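Below: one structure, written as structure tokens.
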Amino acid sequence: FVFLAVLTAIVALPTTSCKKYPEGPSLTVIPKAIRLDGNWKVNQVLRNGNDWTDAYRLIVTDEYVSFTRDGSYSADFTFPVLGTSSEQGYWVWRDNKESIRIIVGSDVDVFEIIRLTQDEFTVEVTEANGDVVRYYYVTA
């Protein structure tokens, strides 16, 4: 009985105490920088909890966002009227790796990380007008 109780406690402890982000993962041995490293594409956008993906796609028809483990950031965006725009900069962890800061020139954006796996990356930002926008990225 004692062995079973200890074993249960050992197994349950990591799954309940290691969850870093609100939507997980609960437990992973893959470091956060390795999970973030790669190319990403927006799959869904929520604004104040409402699906805003179609409206987003009227503004940005395509994007390609890239993070590297060494802190490099780059993105290419395609706009229906303006064409393609590219930006390069760097990223750093913030708030004990609970958020990410992206720096491009003098512009700084901070995104709270909601979920970070090797194939899903969800972030949330509160805009100046108070709107909360959540971006769901998948690997590109």
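The values are calculated or read from the model by the stated rules, or taken from the named source; none is laboratory data. None of the values given here were measured: they were computed from a predicted structure. Note: ideal-geometry Cβ built from the backbone for every residue, glycine included; neighbour counts use all protein chains shown. When the accessible area is computed, the model is the full protein with side chains, heavy atoms only, and any ligands, DNA or RNA have been set aside. Shrake-Rupley method; radii C 1.70, N 1.55, O 1.52, S 1.80 Å.
Some notes on this structure:
- Any hit, segment 27-49, residues being part of a strand (DSSP E or B), out of contact with any Lys or Arg (no Cβ under 8 Å at 6 or more places or on another chain) and free of Cβ contacts under 8 Å to residues at least 24 places away in the same chain: no
- Hits in segment 82-100 - residues which are part of a strand (DSSP E or B), charged (D, E, K, R) and either open to solvent by 80 Å² or more (accessible area, probe 1.4 Å) or closer than 16 Å to Thr139 by Cα (or both): Arg94
- Within segment 57-81, residues that are surrounded by fewer than 14 Cβ atoms within 10 Å (Cβ to Cβ) sit with their Cβ atoms under 6 Å from residues that are at pLDDT 95 or above and acidic (Asp, Glu), at 6+ positions apart or across chains, in these pairs: Arg69/Asp37; Thr78/Asp62.
- Close Cβ contacts (under 7 Å, 6 or more residues apart or on different chains) running from residues in segment 107-119 that are under 16 Å from Ala33 (Cβ atoms) to residues that are basic (Lys, Arg) comprise Leu116/Lys32; Leu116/Arg35; Thr117/Arg35; Gln118/Arg35.
Yes/no matrix, rows are residues, columns are (1) in contact with a helix residue (DSSP H, G or I) (Cβ under 6 Å, 6 or more places away or on another chain); (2) under 21 Å from Ser74 (Cβ atoms); (3) at pLDDT 70 or above; (4) surrounded by 11 or more Cβ atoms within 10 Å (Cβ to Cβ):
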| residue | (1), (2), (3), (4) |
| --- | --- |
| Lys19 | no, no, no, yes |
| Pro25 | no, no, no, yes |
| Thr28 | no, no, yes, yes |
| Ala33 | no, yes, yes, yes |
| Asp37 | no, yes, yes, yes |
| Trp40 | no, yes, yes, yes |
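- Residue in segment 122-129 that is exposed (fewer than 15 other Cβ atoms within 10 Å of the Cβ) and either touching a residue at least 60 places away in the same chain (Cβ under 8 Å) or part of a strand (DSSP E or B) (or both) present: yes
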